[in-house]
Amino acid sequence: MKIKNKAILITVSCLFIIFILFNYTIPISSYNNVKASPSSMDEKIIYLTFDDGPSTNVTNKMLDILKQQNVKATFFVVGYKINGREDILKRMYSEGHSIGLHTYTHVYRKVYASDKDFINEMNETSMEIKKVLGIEPKIIRFPSGSKKHLTKNLLEELHEKNYKIYDWNLCTSDGINYNTKANKLYREATQKCINPNKIFLLMHCDANNKSTCDCLESVILYYKNLGYHFKPITPDTPEYYFRVKN
């Protein structure tokens, strides 16, 4: 009797498994017709961003490298440096790079004297760019980042003027120490990021950032080999800024 019950149990179990497989297995023909399309969560994006330009030799050399590698980047420019370097600004724009605002003076005591002064610095740089290119950029970056400077009120004022803020989640020390060797900058630019699928990499293109030029191609090749897509920041790029100050 026990043997008979055991046989019945095994038979029922097998029938149940066959039923599950029959109803849930995808036919091979249907599976082969499905086109694989990775989700946006799986796409690996890197935004190469350069602050403190334009400078003559360094920025031009970086543009040469970007053109050779067919990569688009974002340049957050300082307003007073545009005069006499209009051709470099035009080159950035004509070669498909994004241009953002990094204040007019880059003098902290002036930039951060008040919210009004900060906005005026951005407005003034935007107007300088408009004189040269006929466009008014709305993407901005705070000198040293928005941390300790961005308040709820300032954020609201900037948004009212359609400005969008972009900080970073990976950076090199080329803005702190111009003498940093290229191999160290490379290590910094390729270290683990807190959000590896969307990297905002901060580098600099001032006249003294020659080491940044020396490592740039290697940084680009590193991320290309990992399958990253290089994109410029545009007004459609979701904002990325540090925590708003209470």
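No lab work stands behind these numbers, since they all come straight from the coordinates. The model shown is predicted, which means the values in this text are computed figures rather than measured ones. FYI the Cβ positions are ideal-geometry reconstructions off the backbone, even for glycines, and counts take in every protein chain you see.
How big is segment 52-107 in terms of Cα radius of gyration and Dmax, in angstroms?
Calculated on Cα positions, Rg and Dmax stand at 10.8, 34 Å.
Roughly how many whole Å is it from the C-alpha centroid of segment 135-171 to that of segment 57-75?
Cα centroid of segment 135-171 versus Cα centroid of segment 57-75: 24 Å apart.
Between ILE135 and HIS229, what length in nm is gained on full extension when 0.36 nm per residue of separation is reduced by their alpha carbon distance?
Here the answer is 31.2 nm.
Kindly list the residues of segment 216-233 that lie in the label zone of ASN183, defined by a backbone N under 20 Å from the point 7 Å along the Cα-to-C-beta vector.
216-223, by backbone N distance to the label point.
Using alpha-carbon pairs under 8 Å, 6+ residues apart, how would you state the relative contact order of segment 129-246 in percent?
36
When we measure straight from the Cα of LYS161, which lysines land under 24 angstrom away, once same-chain ones fewer than 8 places off are left out?
Qualifying lysines at Cα under 24 Å: LYS81, LYS110, LYS116, LYS130, LYS131, LYS138, LYS147, LYS148, LYS152, LYS245.
Take the alpha-carbon positions of segment 45-230, form their convex hull, and give its projected area averaged over all directions (one quarter of the hull surface) in nm².
Answer in nm², one decimal: 10.1.
Explain nothing, just the number: relative contact order of segment 45-230, from Cα pairs under 8 Å at least 6 residues apart, as a whole percent.
30
Using a Förster distance of 25 angstrom, determine the FRET efficiency expected from the C-beta separation of THR56 and TYR108, and round it to 0.05.
About 0.55, to the nearest 0.05.
Given points 7 Å out from each Cα along the Cα-Cβ axis, report the ASP117 to ILE65 separation in nanometres with one decimal.
For ASP117 paired with ILE65, the spin-label model returns 3.5 nm.
So how do LEU216, LEU66 line up by other beta-carbon neighbours within 10 Å, fewest first?
Going from least to most buried by this count: LEU66, LEU216.
By a straight-distance test (C-alpha under 16 Å), which lysines pair with LYS184 as possible cross-link partners, with residues fewer than eight away in the same chain excluded?
By straight Cα distance, LYS184 reaches LYS192, LYS210.
May I ask for the net charge around ARG243, where only other residues with Cβ less than 15 Å from the Cβ of ARG243 are counted and Lys, Arg are +1 while Asp, Glu are -1?
So the surrounding residues net to +2.
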